[in-house]
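The values are calculated or read from the model by the stated rules, or taken from the named source; none is laboratory data. The structure presented is a predicted model; accordingly, all values stated were derived computationally and were not measured. Cβ coordinates were reconstructed from backbone atoms using ideal geometry, including for glycine residues, and neighbour counts include every protein chain displayed. Please note that ligands, DNA and RNA were not included when accessible areas were found on the heavy atoms of the full protein model with its side chains. Shrake-Rupley method; radii C 1.70, N 1.55, O 1.52, S 1.80 Å.
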Amino acid sequence: MSSLQERLGALSPATLKGMRRGVEKESLRAQANGALVLTPHPAALGSALTNPHITTDFSESQVELITGVHDSAQACLDELTQLHQFTYQVLREAGDEMLWVSSMPCGLPPDETIPIGRYGSSNIGRSKSVYRLGLSHRYGRRMQTISGIHYNWSMPGVSSDAYFALIRNFRRHAFLLLYLFGASPAVCSSFVAGRAHELQALNGGTMYMPYGTSLRMGRLGYQSDAQASIAVSFNSLEGYGASLEEALTRPYPAYEAVGVRNLGGDYNQLSTSLLQIENEFYGTIRPKRVIQPGERPLHALRERGVEYIEVRLMDLDPFIPVGITAQTMRFLDVFLLHCLLTDSPPDTPREIVETSHSRDRVAARGREPGLRLERDGREVLMTDWGAELLREFAPVADRLDVVHGGGHYRQALVAARAGLEDASILPSARVLEVMSRQFDDSFSSFVKAQSLQTRRTLLGLPFSPEQQARFRAMAQRSVEDQKKIEAADTVPFDVYLQQYLSPERLGLPRAQPHAA
């Protein structure tokens, strides 16, 4: 069995330079007073259906900024910054709006008045809105307003089996990312009104966990009893595909009670299955493949294999103008490359439960002195396990620095080690400290001030007329593209939906080798 060092040494500089990354970042549009903006997605940002870089997530009020694919963390950050600059220019023209800089939402109106994303009159546009309506029936609209950063990552020559091995190791070690980069230890009290929770009151309008790191990724965030019943295997593409197909085709009693349509004939959701479509499956990481028009994601994976992975557990850092730094991206590069190159035994039901417990424990109590996590049936100090991982990361960071030059990867590791040794410098601790020192322990007041400061910072950066013109042209092109899609529809929506959701469209499992 080859060692990490040997596997690292076997990778050519060209392969390591072929590492690619991109970012998807969600943010709520908020008024200056911290309340959610309820107006439609600004027209000057283009079509949410067809603009490749600026769209909406669940809500009309939730902007999603998507970079292209980049060969360096800095290039990725530069594009993300420009996308923010253009978005803020448009928001300034539209009125007194800003992007909310926390993963946990701003002041929310009653659930039913949070506006669901709208994507025009085409079949695909309507299906996107119906899917979101289904999410609102299944999980409530409040949960969908939680925002985060997705980090998409790939390296040339990596097989589907190797990506699934990476995913298994990622799930084992994801606690470290929640500890280091979690930035949502507190939330507005209105978010948990009427819900069971373990949070403590901090002041009249704020709830928190004293040692919390990421409430977004804990039991308060993307969790549901229905999804907890999905036994997804990450041991192979075949097993993953089979478990996902089962969830996409198995009716779920609570969703059957909601029904596909209401009494007036309007759609409530796309289907009554446990998952309406593949994107509904929440996880800390996903295997992904770019899809062709009209293609189901699972079909694309089964047909052509895994192309990249999507890391989904990163909080928005409210102290950083665009929510993430190049240094954090470089740490993720090291983390993911380590996951790829180290042994990754098949997961087991016991281990899947352990990793879930670890995630919840670190999300709620990650900075608690002496915190222990389950590992292979025994409890270990989280800080000991984290330190062991950081030691293993060192040769990975060193090799990347040799290939790229500059020493930036080692610096990312030094910063992580400092955070492991001193929890008070972590983003989650800084949030609570600044809230206490400057804002009378008010989550909303803190995030509102940070959001206003971020708006000033980004609007103050140089943004040339040429850059402005390029983004405006992209937005205009997307409007024309949406019109073309709407004009090209030939079948009624009901027929389109029936065809798109048919089990045949999920692709065939790859042929299994026969046992000897």
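Structure summary
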| read-out | value |
| --- | --- |
| When residues of the range 107-133 are limited to those that are assigned to a loop (DSSP other than H, G, I, E, B) and among the hydrophobic types (A, V, I, L, M, F, W, C), the one surrounded by the most Cβ atoms within 10 Å (Cβ to Cβ) | Ile114 |
| Positions within the range 431-444 being open to solvent by 40 Å² or more (accessible area, probe 1.4 Å) and within 22 Å of Glu97 (Cα to Cα), in sequence order | Phe439 |
| Verdict on Ile66 being touching a Leu at 6+ places or on another chain (Cβ under 7 Å) and under 18 Å from Thr145 (Cα atoms) | no |
| Residue selected from the range 232-245 under the condition in contact (Cβ under 8 Å) with a residue 60 or more places away in the chain and assigned to a loop (DSSP other than H, G, I, E, B), by the criterion nearest to Leu274 (Cα to Cα) | Ser233 |
| Identity of the residue in the range 151-193, in a loop (DSSP other than H, G, I, E, B) and surrounded by fewer than 24 Cβ atoms within 10 Å (Cβ to Cβ), that ends up nearest to the chain's Cα centre (by Cα) | Met155 |
| Selection status of Glu466, touching a Ser or Thr at 6+ places or on another chain (Cβ under 9 Å) and open to solvent by 70 Å² or more (accessible area, probe 1.4 Å) | no |
| The range 77-120: number of residues that are within 15 Å of Arg472 (Cα to Cα) and among the hydroxyl-bearing types (Ser, Thr, Tyr) | 2 |
| Flag for Leu248 being touching a residue at least 60 places away in the same chain (Cβ under 8 Å), among the hydrophobic types (A, V, I, L, M, F, W, C), buried (at least 16 other Cβ atoms within 10 Å of the Cβ) and part of a helix (DSSP H, G or I) | yes |
| Any hit, the range 221-231, residues being closer than 21 Å to Asp376 by Cβ and open to solvent by 10 Å² or more (accessible area, probe 1.4 Å) | yes |
| Selection status of Ala394, among the aliphatic types (A, V, I, L, M) and either at pLDDT below 95 or within 26 Å of the chain's Cα centre (by Cα) (or both) | no |
| Qualifying positions in the range 259-272 - open to solvent by 10 Å² or more (accessible area, probe 1.4 Å) and touching a helix residue (DSSP H, G or I) at 6+ places or on another chain (Cβ under 7 Å) | Tyr267, Asn268, Leu270, Ser271, Thr272 |
| Single condition Val495 does not satisfy, out of (1) open to solvent by 40 Å² or more (accessible area, probe 1.4 Å); (2) under 22 Å from Leu28 (Cα atoms); (3) out of contact with any Pro (no Cβ under 6 Å at 6 or more places or on another chain) | (2) |
| Unique residue being open to solvent by less than 40 Å² (accessible area, probe 1.4 Å), out of contact with any Lys or Arg (no Cβ under 6 Å at 6 or more places or on another chain) and within 30 Å of Val192 (Cβ to Cβ) when the list is Ala416, Ala449, Ala475 | Ala449 |
| Close pairs from the range 477-497: first free of Cβ contacts under 8 Å to residues at least 12 places away in the same chain, partner of a type in the set (D, E, K, R) and open to solvent by less than 80 Å² (accessible area, probe 1.4 Å), Cβ under 8 Å, at least 6 apart | none |
| Qualifying residue in the range 442-450 (condition: within 26 Å of Ala73 (Cα to Cα), out of contact with any Leu (no Cβ under 6 Å at 6 or more places or on another chain) and of a type in the set (A, V, I, L, M)) | no |
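Residues checked against (1) over 22 Å from Arg20 (Cα atoms); (2) part of a strand (DSSP E or B):
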{"position": "Gly283", "(1), (2)": "no, no"}
{"position": "Pro287", "(1), (2)": "no, yes"}
{"position": "Pro293", "(1), (2)": "yes, no"}
{"position": "Ala300", "(1), (2)": "no, no"}
{"position": "Val306", "(1), (2)": "no, no"}
{"position": "Ile309", "(1), (2)": "no, yes"}
{"position": "Arg312", "(1), (2)": "no, yes"}
{"position": "Leu316", "(1), (2)": "no, no"}
{"position": "Phe319", "(1), (2)": "yes, no"}
